[in-house]
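**Student:** Take this structure, written in structure tokens, and hold onto it; I'll ask about it next.
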Amino acid sequence: MVSAHPLPPPIKPALKWAGGKRWLLPRLQTIWQGQKHRRLVEPFVGSMSVCLGLQPERALLNDRNVHLINFCRWLQRGLTVDLAMLNDQQAYYACRQRFNELIASGGQETQEAAQLFYYLNRTGFNGLCRFNNQGRFNVPFGRYKTINYAQDFSEYPPVLKDWVFVSGDFEALSLEGADFIYADPPYDVEFTKYSQTDFTWEDQVRVAHWLARHSGPVLVSNQATPRILALYQDLGFGVEILEAPRRIACNGDRTPAQEMLAYRGLALPAT
């Protein structure tokens, strides 16, 4: 039986993240109201903005970025950050070097690595998360006038307590037939290197076919490029087009970017 109680207020993500979907939450919350008895599965969890906004009782959350998942697991345990967080170029590069030393020595799952990942995310250029071919973090120092750093994340463990965090390829996820999948793969754009390996067009196709095989409800967001729209429509997905709050380019073209919301196994409530 589906509860009629409203969803709890969303918790703000701890991280900055390219392509975050906080702007889409009002639409997703109307859809989730009729599905919240299910387990939520996100194969590309990113900053957890959607999961934190929907606050399911059970969730399976995946990302190929092992450092992101390590941060999420420590957040689940009750992370506190005790390192000195300074909006300072010298301090930033010293912390970046230490983070890469931990990666090289196998310490990427430590609490220290989680703390450094948070600091680098908040302080680095545009909140990017980028790695070179050797798997080393290489985002340059940002240019923020002020940064609000958090040290105590005690509000997160009660919400995250029954969520499972894993890092790997989406096709390796252990799904249940009734799972509600919300997939937000990397945009169909040129830059796709959020982890050590690229996310290619072949991966976009794999995602779509994998989602089409799922027996439960599926919701997908992506940039509404012609080939993305054709891919999902050809697989029998319904498609809704939305205007995103971002713009297409910074070269004078200020046209709002179009986003696709594709769905299968559920009917979307009216906007």
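**Student:** Can you say whether S195 is assigned by TED's automatic domain parsing to the domain that holds A59 and at pLDDT 95 or above, as far as the supplied structure shows?
**Tutor:** So S195 does not fit the description; no.
**Student:** Given the options D63, D88, name the one that is under 12 Å from the mean Cα position of the chain (by Cα) and among the acidic types (D, E).
**Tutor:** Within the list D63, D88, the selection yields D63.
**Student:** Same structure, new question: Among the residues of the range 8-41, which ones are charged (D, E, K, R) and free of Cβ contacts under 8 Å to residues at least 60 places away in the same chain?
**Tutor:** Matches in the range 8-41: K12, R22, K36.
**Student:** On to the next question. Need the failing condition index for E112 against (1) touching a helix residue (DSSP H, G or I) at 6+ places or on another chain (Cβ under 7 Å); (2) under 26 Å from F170 (Cβ atoms); (3) without any contact (Cβ under 8 Å) to a residue 40 or more places away in the chain, just the number.
**Tutor:** Of everything listed in (1) touching a helix residue (DSSP H, G or I) at 6+ places or on another chain (Cβ under 7 Å); (2) under 26 Å from F170 (Cβ atoms); (3) without any contact (Cβ under 8 Å) to a residue 40 or more places away in the chain, E112 misses just condition (2).
**Student:** Moving on to the next point. I'd like to know if the range 145-163 contains one or more residues that are within 25 Å of L261 (Cα to Cα) and in the same structural domain as W32 (by TED's automatic domain parsing).
**Tutor:** Checked against the condition, which is being within 25 Å of L261 (Cα to Cα) and in the same structural domain as W32 (by TED's automatic domain parsing), the range 145-163 yields at least one hit.
**Student:** Hey, another quick one. Between a first residue in the range 80-102 that is more than 11 Å from Y119 (Cα to Cα) and a second residue that is charged (D, E, K, R) and outside any loop (DSSP other than H, G, I, E, B), which pairs have beta carbons less than 7 Å apart while being 6 or more apart in sequence or on different chains?
**Tutor:** Listed by first residue and then by second, the contacts come to T80/D152; L102/E112.
The values are calculated or read from the model by the stated rules, or taken from the named source; none is laboratory data. Keep in mind that this is a model prediction, so the values were computed, not measured. Note that we place each Cβ from the backbone using ideal geometry, even for glycine, and neighbour counts take in every protein chain shown.
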